[in-house]
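Visitor: Okay, here's the structure, questions in a sec.
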Amino acid sequence: LFIGALRQVKGVAQLLAAYEQLESPPPLVMIGTIEHDSPKRFPPGVHLLRDFPHDAVLAACERCLFGVMPSALPEPFGTVVCEVMSRGRPVIGTAPGGHTDMIEHGVTGLLVPRGDVGALVGAMRTLLDDPEACERMGAAARERAAQFEPDVSLPRIVRLYQELVVRHRSLPPEVAAAPAG
């Protein structure tokens, strides 16, 4: 399952190239928007879904084997990665970038170098050929994603701000008043 704008910067060309190299692959579902740089053709086995409501996207996450988000950019946090993982599915993402904040390679999913089609093929084969590992990573992915739920992450952010205020107050007045930078 791929979710996102069907753009070059999202690694769609690499994903399609990798998918075409898989032997007897399951269907590749791509949920997203068509953009100015979207591919003009999609290989057999690719199912393109546009204008999907968020609840339907989450339902697709629950039914997929794994997510694959091969961004060509060093993505920030990656909400889509977190959503797929929250449904108990491992994700293949790219490094470097924010995917590494969510995906622990071999534990909650797999990380491949940006733009490396061969590595992407290998990662997809790994999850397709080992359903038990895929299931195990999916369970760990669900646990990892839970750490980013608002009721877990918001108290940590509040504590951080409280600690920063305490530290700031304990600084000598001339340091505390100095402009940042």
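The values are calculated or read from the model by the stated rules, or taken from the named source; none is laboratory data. Source: prediction; values computed, not measured. Heads up, the Cβs are rebuilt from the backbone with ideal geometry, glycines too, and the neighbour counts pull from every protein chain shown. Calculation scope for accessible area: heavy atoms of the full protein, side chains included, ligands and nucleic acids excluded. Shrake-Rupley method; radii C 1.70, N 1.55, O 1.52, S 1.80 Å.
Visitor: Nearest-5 percent of antiparallel DSSP beta bridges in the chain?
Guide: Working: 0 of 15 bridges.
Given both bridge residues lie in the chain, the antiparallel proportion sits at roughly 0 percent.
Visitor: Taking 7 Å along the Cα-to-C-beta vector as the label spot, tell me the His168-His105 distance in nanometres, rounded to one decimal.
Guide: Taking the two extended label points, one gets 3.8 nm.
Visitor: May I pose another question? Can you tell which of Ala17, Ala140, Ala123 shows the greatest fluctuation in a Gaussian network model of the chain with Cα springs below 10 Å?
Guide: Ala17
Visitor: How much accessible area per residue does the chain have, in Å², with a 1.4 Å probe?
Guide: Details: 10120 Å² over 181 residues.
Solvent-accessible surface per residue comes out at 56 Å².
Visitor: Same structure again: Please report, in cubic angstrom per residue, the volume enclosed by the convex hull of the alpha-carbon atoms of the stretch 117-181. Walk me through the numbers before you get to the answer.
Guide: Details: hull volume 9.9 nm³, N = 65.
Value for the stretch 117-181: 152 Å³ per residue.
Visitor: Specify the inter-centroid distance of the stretch 33-106 and the stretch 147-176, based on alpha-carbon positions, in whole Å.
Guide: Taking the Cα centre of the stretch 147-176 as reference, the centre of the stretch 33-106 is 33 Å away.
Visitor: Based on the alpha carbons, how large is the Rg to Rh ratio for the stretch 49-150 when Rh follows Kirkwood? Could the numbers behind the result be given before it?
Guide: Working: Rg = 12.6 Å, Rh = 13.3 Å.
That ratio is 0.94, to two decimals.
Visitor: Hey, another quick one. 222 nm [θ] for the chain, helices only, -39500 (n - 2.57) per DSSP H run of 4+, per residue, to 500? Working shown, then result.
Guide: Details: 8 runs with 86 residues, N = 181.
Helix-only estimate at 222 nm: -14500 deg cm²/dmol.
Visitor: May I ask you to give the average projected area over all directions of the convex hull of the Cα atoms of the chain, in nm² rounded to one decimal?
Guide: On the way: hull surface 51.4 nm².
Computing the convex hull of the Cα atoms and averaging its projections yields 12.9 nm².
Visitor: When the chain is fully extended, how far beyond the present Cα-Cα distance does Leu154 get from Glu23, taking 0.36 nm per residue of separation? Intermediate values should be presented prior to the final figure.
Guide: Details: separation 131, 0.36 × 131 = 47.16 nm, distance 4.42 nm.
Length gained, Leu154 through Glu23: 42.7 nm.
Visitor: How many nm separate the modelled label positions at Arg50 and Thr79, each set 7 Å beyond the Cα in the direction of the Cβ?
Guide: 2.1
Visitor: Add +1 for every Lys or Arg and -1 for every Asp or Glu among the other residues with Cβ under 11 Å from the Cβ of Val121, and state the total.
Guide: Working: positive: Arg125; negative: Glu20, Glu23, Asp116.
After counting each charged neighbour, the total is -2.
Visitor: Same structure again: Tell me, what % of the accessible area of the stretch 9-138 is carbon and sulfur with a 1.4 angstrom probe?
Guide: Working: 3400 of 6240 Å².
Summing carbon and sulfur atoms, their accessible area is 54 percent of the total for the stretch 9-138.
Visitor: Using 10 Å bins from zero, what percent of all Cα-Cα pairs in the stretch 1-71 falls into each bin?
Guide: 20, 58, 22, 0
Visitor: I need the helices of the chain that pass two filters: whole DSSP H segments spanning 20 Å or more by Cα along the axis, and mean Kyte-Doolittle score no lower than -1.0. Please list the in-between numbers first.
Guide: Details: long enough: 131-146 (23 Å, -0.68); 150-170 (30 Å, -0.24).
Membrane-span-like by this criterion, though nothing is claimed about a membrane: 131-146, 150-170.
Visitor: Looking only at Cα atoms, what is the convex hull volume of the stretch 27-103 per residue, in Å³? Could the numbers behind the result be given before it?
Guide: Details: hull volume 7.7 nm³, N = 77.
Expressed per residue, the convex hull around the Cα atoms of the stretch 27-103 is 100 Å³.
Visitor: Percent relative contact order of the stretch 47-101, based on C-alpha pairs within less than 8 angstrom and at least six residues apart? Let's see the in-between values first.
Guide: Working: 64 pairs, mean separation 20.8, N = 55.
Relative CO of the stretch 47-101 lands at 38 percent.
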